[in-house]
1. How do the peptides 17-27, 49-59, 69-79, 3-13 rank, highest first, by the average count of neighbouring beta carbon atoms within 10 Å per residue?
2. If a/c stays under 1.5 just call it rounded; otherwise compare a/b with b/c (prolate if a/b is bigger, oblate if not). Do that for segment 1-82, with a ≥ b ≥ c from the square roots of the Cα gyration tensor eigenvalues.
3. Restricting to Cα pairs below 8 Å that are 6+ residues apart, what does the relative contact order work out to for segment 2-93? Please round to a whole percent.
4. Helix 63-93 sits at what angle to the longest principal axis of the chain, using alpha carbons and giving 0 to 90 degrees rounded to 10?
5. Quickly estimate the mean residue ellipticity at 222 nm for the chain, helices only: each DSSP H run with n ≥ 4 gives -39500 (n - 2.57), and the total goes over all residues, rounded to 500.
6. Given labels modelled 7 Å from the Cα in the Cβ direction, how far is it in nm from residue 59 to residue 83?
7. As I understand it, the value is the acute angle between the Cα axis of helix 2-27 and the longest principal axis of the Cα atoms of the chain; what does it come to in degrees, rounded to 10?
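Laboratory data are not the source of any read-out in this text; all were calculated from the coordinates shown. All values reported here derive from a predicted model rather than from experimental measurement. Quick reminder, even Gly has a Cβ in these numbers, built from the backbone with ideal geometry, and neighbours come from all protein chains shown.
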């Protein structure tokens with residue numbers, strides 16, 4: 001039974017580390033760009049859009065193109081955030097490939 005108790009305590013320790021990592025991830029801010037830096041966005045670790053910067057040159061484009069540039073910059077930031085989140089979780093899990101929203105069952 002000691003083996004199970006040991007596993008349980010390790011799981012609880014991992015849960016605490018995951019909780020800390022998830023809090024750290026929320027504090028991360030990443031940048032996404034599109035159109036050769038015509039549009040930049042900043043996204044927080046919990047996917048909150050913090051800022052959108054539209055270059056003066058981009059403002060000369062049609063609204064449809066500006067919209068596409070914003071979407072592309074957001075998607076770039078989202079990918080950057082996924083990579084950064086995975087790096088943070090990897091530090092905690094020792095390389096286990098767990099999803100960022102992974103929850104232990106207790």
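1. Taking the mean over residues of other Cβ atoms within 10 Å, the ranking is 69-79, 17-27, 49-59, 3-13.
2. In terms of gyration-tensor shape, prolate.
3. Result for segment 2-93 is 31 percent.
4. The two axes meet at around 20 degrees.
5. -19500 deg cm²/dmol
6. 3.1 nm
7. With both axes taken from Cα atoms, the answer is about 20 degrees.
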